[in-house]
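Here's the structure we're looking at; comments come further down.
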Amino acid sequence: MNAIHAAVLDLLSTEGYAGLTIEGVARRSGINKTTLYRWWPSKPALVAATFRHTIARDLPVPDTGSLRGDLVALVTAKAAFLGDGPGRLAADVLAHTGADPELARLADELLGQHCAHVTEVTGRARARGELTGPVDDQLLADLLLGPVWLRTVVTRRPLSNSDTDALVDTVLTGLTLTTDPVARTRR
């Protein structure tokens, strides 16, 4: 399996998604094409399996002992993953989702994995008594991943440690707003 996933990632990096073929993966991995088709009926299915494997290998859910620490570690890992290597390739593949329903399902699956990571983190925080109120894990996942995606995928600007800390702190504490109308007009 590792040879197959390595071949997919290598071909994605050299040929892009459009140039990736099952036949090319078979040649590069040394695995018979019919065997590949038996396991994965289509190119998107093979690519999805490769990214599932890569995310499981490269993005373990952190356990630092605190909600804030876990979220900072998770955001840092996601930014690093999307900024380079297999994660960068995943982001490039997901750019094709509009044209391919199978890739749109892959995007949903990858976002679902991200939400599952956040749910695991918040579940541990609840078990520690650190988080007591209701939390919409999907919304929290979106609030954290949105800026990471924008910076690492769209603008290709890395997130610094201070950016990551500020992102997590803002999401956890919200913004402080004044209700004093005089203070608002002083700006």
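The values are calculated or read from the model by the stated rules, or taken from the named source; none is laboratory data. Everything quoted here is computed from the prediction, not taken from an experiment. Note: ideal-geometry Cβ built from the backbone for every residue, glycine included; neighbour counts use all protein chains shown.
Scan ALA79, ALA116, ALA91, ALA141 and give me the residue that is modelled with pLDDT under 85, among the small types (Gly, Ala, Ser) and under 29 Å from LEU20 (Cβ atoms). ALA91 is the lone residue from the list that is modelled with pLDDT under 85, among the small types (Gly, Ala, Ser) and under 29 Å from LEU20 (Cβ atoms). Looking only at residues of segment 106-144 that are basic (Lys, Arg) and not in a loop (DSSP other than H, G, I, E, B), we find that the one that is farthest from ALA48 (Cα to Cα) is ARG126. Can you pull out every residue in segment 140-162 that is in contact (Cβ under 8 Å) with a residue 12 or more places away in the chain and among the β-branched types (Val, Ile, Thr)? Correct list: VAL148, THR152, VAL153.
On inspection, THR76 does not qualify as closer than 29 Å to PRO134 by Cα and outside any helix (DSSP H, G or I). Counting only helices (runs of 4 or more DSSP H) wholly contained in segment 1-60, the ones carrying 2 or more residues that are of a type in the set (Gly, Ala, Ser) occupy 2-19, 22-29, 43-58. Consider segment 1-46 and keep the residues that are closer than 27 Å to LEU74 by Cα, among the hydrophobic types (A, V, I, L, M, F, W, C) and modelled with pLDDT under 90. The one that is surrounded by the fewest Cβ atoms within 10 Å (Cβ to Cβ) is MET1.
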